[in-house]
Amino acid sequence: MSQKPKSRGRAGTQAERGSGGEEAPSTSRGPGGAASQGGRRAEAPPAPGPRSQKQLELKVAELVQFLLIKDQRKIPIRRTDILRHVVGDYKDVLPELLRRAAERLEYVFGYRLVELEPRSNTYILVNTLEPVEEDAEMRGDQGTPTTGLLMIVLGLIFMKGNSIKETEVWDFLRRLGVHATKKHLIFGDPKKLITEDFVRQRYLEYRRIPHTDPVDYELQWGPRTNLETSKMKVLKFVAKVHNQDPKDWPAQYCEALAEEEARARPQTGGTAPTPAPSS
Amino acid sequence: MAEEKDCLRGDVEKGEEPVVTITGGAYSGKQAAEEPMKVEAEAGADACSDDLSCGEADIDPSLLELVDEEKCRSIRKQYRQLIYNVQQNRDDIVNTASESLTEALEEANVLFDAVSRTREAALDAQFLVLASDLGKEKAKQLNSDMSLFNQVAFCDFLLIFVGLNWVEDDGHDALSDCDDNIVRSFWETVQKEATSWMLQAETFHFIFGSFKSEPSARKPRLEHRKRVHRMEENGDMPTKLRKLDLSSNQEATEKEVERILGLLQTYFQKYPDTPVSYFEFVIDPNSFSRTVENIFYVSFIIRDGFARIRLDHDRLPILEPININHVGEGNDSSSHCRKQGVISLSLQDWKNIVATFEISEAMITNSY
């Protein structure tokens, strides 16, 4: 079943080139239609006619499935992938499809489809439901428990002023039995996990510090972290571990508070699920 | 030489610019204006410089001062040394408590007073970039010093939070020598706490799994390989078996037939002119399968004409020997015409016969 979106996507693109697709949506092409679509491509296929509600619904369903599956790895979903695999010749109604898919995801699954960064054309799924204590028991085995390590690193970064050197991270993790070069029982290759996987998932940013010899890198929060959690939450996590109040760290507390206020203010097109129309 | 002259002239003109920008207001403009011509350190330095100074009419003679090559080299060396030191002692410099950054800057200031050419100025620029980066880091350090966050304490608190306060950290790394289960439980506990602070979307999986493209692509290949392998294996076996079977079976059968024939003939020699009851001969009261084998072998004997079977007055089958003498008699025509008989024997029949005839031991003894 997971293959469906992909195969249909391929069939869709084939249909684009002229040959009839197996699925109803692509074959039923009316004569008139979106003029904007037809003129743009060199091959000039017949412009798709107005699509029925049923066709759109089908496409939305495929899109929802595609997004859910693509999110498994937590790597941001690219708009180009969406176009290539699912939408195909429904490119002109992509904003509508995305809007409906986002609606579906929110009402049915409780996931929000957000753009990672404005105008980045990559999307992630964020849970709208606050995690509940009891859920943790039921969650069971969802692969390696990397979130714990991630949260520790995020806490470290924030408490040290939003940026930390890689060497400091390893100095810290060493005390917890996690080494950059040694294979870890649970995490396998911790260096790869932190500097590559988390970065690819956009939880962390990994930048080289200039003028360092030997070369050193610095780690900062990535865009996904800002969407999935907040400074206040991470501070509370750190405070809970210390069994203290978040206010015991006044500088960080003020920073976290400021961020909360900034978020509470109405956004000017920040995390809206509808992306900019395709150019 | 002409090339060098051009290059040097270019250097002079270019050289003015960077010096001015770097110094800003700190250095006198007079220094900036001083741009002496200098000849590269090849043979006959002094003589060449004199020629050059005379030849360059359009440049103000006040600019053309001989600079000691040695001095410039020493300045460059000092700059490089300073940069190296700063890089090596980076940690010390960035430390907010130390004054080493200020000292390094003052040293660079002193060096710059003697700088008059672009090569050294470039080194000075390099040092300045390095110093400003370190200064930025130092400033950042100032911020974090006020945060009161101690990462070592954080580490210990993590362990306490999980409940591992009995793990002693004697300067060694905690958790590295620990039992696997402890490590696993530590990370699971942290994971549980961490996920409650993040709005992570759960990964979506079909309950009964899904068809993944990769394994299904591989499976046919594997099966094909397995099938091929199996076929090859099967192919091997029959050829081997046939060889064995043919040889053993044929030999075994012939041998057995011969052996039984020998037994039969021994019997006939012992008791001449007394046909033996067929059943008494073939039946093995202990083994039904052996009985069937015996019937099989006796049939060969009969087929080959070494004995014959007929019904006696009780209508029970008996075996009679066929002597070579009898061959010549007129029995040929009757005995050689094809006659076939089928004997069927079930397990029950066999048991009945054993009981009826009271056969206690087999006449055909085993060869093994």
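The numbers here are math on the coordinates, done by the rules we state, and not lab data. Just so you know, these numbers come straight off a predicted model, no measurement behind them. Glycine gets a Cβ as well: all are built from the backbone with ideal geometry, and neighbour counts include every protein chain shown.
Can you give the FRET efficiency for A:Ala258 and B:Glu69, using 1/(1 + (r/R0)^6), R0 = 45 Å, r = Cβ-Cβ distance, to the nearest 0.05?
On the way: r = 59 Å, r/R0 = 1.30.
After rounding, the FRET efficiency stands at 0.15.
Farthest toward the dipole's positive end in segment A:53-127, which of A:Val93, A:Val108, A:Tyr123, given Cβ charges of +1 (Lys, Arg) and -1 (Asp, Glu) about the Cα centre?
A:Tyr123
List, largest first, the extents of the alpha carbons of segment B:73-117 along their principal axes, each in whole Å.
Cα extents, longest axis first: 34, 17, 11 Å.
Given the pairs A:Lys191/B:Lys136; A:Lys247/B:Lys136; A:Lys160/A:Lys236; A:Lys231/B:Lys140, which are separated by over 24 angstrom at their Cα positions? Walk me through the intermediate numbers first.
Values: A:Lys191/B:Lys136 27 Å; A:Lys247/B:Lys136 28 Å; A:Lys160/A:Lys236 15 Å; A:Lys231/B:Lys140 19 Å.
Correct reply: A:Lys191/B:Lys136; A:Lys247/B:Lys136.
So how many Lys-Lys pairs in segment A:53-127 land under 21 Å Cα to Cα, not counting same-chain pairs under 8 apart? Mind dumping the intermediate values first?
On the way: A:Lys54/A:Lys91; A:Lys59/A:Lys70; A:Lys59/A:Lys91; A:Lys70/A:Lys91.
Close lysine pairs found across segment A:53-127: 4.
Work out the FRET efficiency for B:Lys140 and B:Gln81 from their Cβ-Cβ distance, taking R0 = 41 Å, and round it to the nearest 0.05.
Working: r = 27 Å, r/R0 = 0.66.
Computed FRET efficiency for B:Lys140 and B:Gln81: 0.95.
Label segment A:103-256 by shape, choosing from rounded, prolate and oblate, from the square roots a ≥ b ≥ c of the eigenvalues of the Cα gyration tensor; if a/c is under 1.5 it is rounded, and otherwise prolate applies when a/b is larger than b/c, oblate when it is not.
Judged from the Cα gyration tensor, segment A:103-256 comes out rounded (a/c under 1.5).
Taking 0.36 nm per residue of sequence separation and subtracting the Cα-Cα distance, how much length would be gained by fully extending the chain between B:Glu361 and B:Val152, in nm to one decimal? Write down the numbers at each step before the final one.
Working: separation 209, 0.36 × 209 = 75.24 nm, distance 9.41 nm.
Net length gain for the segment: 65.8 nm.
Quote the relative contact order of segment A:53-127 in percent (integer), defining contacts as alpha-carbon pairs under 8 Å separated by 6+ residues.
Numbers: 73 pairs, mean separation 25.2, N = 75.
Rounded, it is 34 percent for segment A:53-127.
For segment B:107-143 and segment A:114-130, compute the distance between their C-alpha centroids and round to whole Å.
44 Å
Mind checking the mean number of beta-carbon atoms from other chains within 10 Å of the Cβ atoms in B:179-191?
Going residue by residue through B:179-191 and averaging, the value is 5.
Taking Rh as the Kirkwood radius computed over C-alpha pairs, what is the Stokes-Einstein D of segment A:163-247 at 4 °C in a medium of viscosity 1.567 mPa s, expressed in µm² per second? Working shown, then result.
Working: Rh = 14.3 Å.
Roughly 91 µm²/s, to the nearest whole number.
Using amide H atoms built in the peptide plane, which far-off residues or other-chain residues are under 5 Å from A:Asp216 H to H?
Those lying under 5 Å, H to H, from A:Asp216 are A:Ile209.
If you place +1 on the Cβ of every Lys and Arg and -1 on the Cβ of every Asp and Glu, how big does the dipole about the Cα centre of segment A:147-275 come out, in debye to the nearest 20? Write down the numbers at each step before the final one.
On the way: 20 positive and 17 negative charges, 67 e Å.
Roughly 320 debye, rounded to the nearest 20.
Given a Förster radius of 56 Å and the C-beta distance between B:Asp314 and B:Ile207 as r, what FRET efficiency does 1/(1 + (r/R0)^6) yield to the nearest 0.05? Could you put the intermediate results ahead of the total?
On the way: r = 79 Å, r/R0 = 1.41.
It comes out at approximately 0.10.
5 Å is the cut-off here: which amide hydrogens, built 1.01 Å from N in the peptide plane, fall below it relative to A:Ile164, excluding neighbours closer than 5 in sequence?
Close amide H contacts, sequence-distant or interchain: A:Leu219.
Just to confirm a number: summing +1 for Lys and Arg and -1 for Asp and Glu over residues other than B:Ile302 whose beta-carbon lies under 12 angstrom from that of B:Ile302, what do you get? Can you show the working numbers first?
Values: positive: B:Arg303, B:Arg308, B:Arg310, B:Lys339; negative: B:Asp304, B:Glu320.
Its environment carries a net charge of +2.
So for A:Leu129, A:Leu173, fewest C-beta neighbours within 10 Å to most, what's the order?
Sorted ascending by nearby Cβ count, the order is A:Leu129, A:Leu173.
Describe numerically, in nm with one decimal, the distance between label points set 7 Å from Cα along Cα→Cβ at B:Lys339 and at A:Gln72.
The two pseudo-label positions are separated by 8.1 nm.
So who's got an amide H within less than 5 Å of the one on A:Glu205, skipping anything under 5 residues away but keeping other chains? H placed 1.01 Å off N, in plane.
Correct list: A:Gln220, A:Trp221, A:Gly222.
Note down the Stokes-Einstein diffusion coefficient of segment A:53-127 in µm²/s, whole number, using a Kirkwood radius over alpha carbon pairs, 25 °C, and 0.890 mPa s. Present the calculation step by step, with values, prior to reporting the outcome.
On the way: Rh = 12.2 Å.
Translational diffusion coefficient: 201 µm²/s.
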